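To keep things clear, I will list the structure first and then write my remarks on it.
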Amino acid sequence: MNPMATIEVRGELFNVEVDGPVRGPALVLSNSIGTSMGMWDAQMPVLRERFRVLRYDGRGHHMASRAGGEFTIAQLAEDALALMDQVGFRTAHWCGCSMGGVIGQWLMLNAPARLNRVVIANSASYLGPPEKWQARLDTVAAQGTTAIADGSVERWFTPAFRDAEPRTVERIKA
């Protein structure tokens, strides 16, 4: 597979990147909600030295996706397993941020034999009341993701980091 590709699994298109040594240990990077696989760009130079890294834009995210509507964590996790199969990862280490961490938790409970080591970053087992998420979903449906981008970067980055690293913040915001 080319380092950057669009592949179809389970009736959905996914932007994927597979990078690093072919015989390196497999590692899957799973993004937070509303982000692209680009959120991992800063970590890739180090990770690709040792690991065979799969990163992807999840269902409903970024330009390849045709999906609309609501998805369950189980569906998103099954997508991840199908992507792992497509790129030849029988097992893999998992690193998930926020929603990617929730997906990782589902995999640990439902497909533990597919995972080696797991990192759950900036995530939880319970992400708050549905009303909080429904308000964001309604805003994005009506106005697009730019309507919630400022609030997201305010939650994700401290004021000191935003001041020190404005380019990084703008890249993630975009």
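The values are calculated or read from the model by the stated rules, or taken from the named source; none is laboratory data. Computed from a predicted structure; not experimentally measured. All Cβ positions, even for glycine, are placed from backbone atoms using ideal geometry, and neighbour counts span all protein chains on display. Accessible surface is based on the protein model in full, side chains and every heavy atom, while ligands, DNA and RNA are left aside. Shrake-Rupley method; radii C 1.70, N 1.55, O 1.52, S 1.80 Å.
Computed values, structure above
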| item | result |
| --- | --- |
| The chain, relative contact order in percent, only Cα pairs under 8 angstrom and at least six apart counted | 19 |
| Convex hull (Cα only) mean projected area of the chain, reported in nm² to one decimal | 10.1 |
| Helix-only mean residue ellipticity at 222 nm for the chain, each DSSP H run of n ≥ 4 adding -39500 (n - 2.57), per residue, nearest 500 | -12500 deg cm²/dmol |
| Convex hull projection area averaged over all views, the stretch 86-164, Cα basis, nm² | 7.7 |
| Mean accessible surface per residue for the stretch 24-120, computed with a 1.4 Å probe while every protein chain stays in place, in Å² | 46 |
| Using alpha-carbon coordinates, inclination of helix 130-143 to the longest axis of the chain, degrees | 80 |
| Dipole of the stretch 16-174, positive direction: furthest Cα of 21, 99, 31, with charges on the beta-carbon | 21 |
| Debye, to nearest 20: dipole size of the chain, +1 on Lys, Arg Cβ, -1 on Asp, Glu Cβ | 480 |
| Carbon + sulfur, % of accessible area of the chain - ligands and nucleic acids excluded, 1.4 Å | 54 |
| Value in Å of the Kirkwood radius, where the stretch 132-174 supplies the Cα pairs that are averaged | 11.0 |
| The chain: angle of helix 73-87 to the longest principal axis, Cα-based, in degrees nearest 10 | 40 |
| Counting DSSP beta bridges with both ends in the chain, the antiparallel % (nearest 5) | 45 |
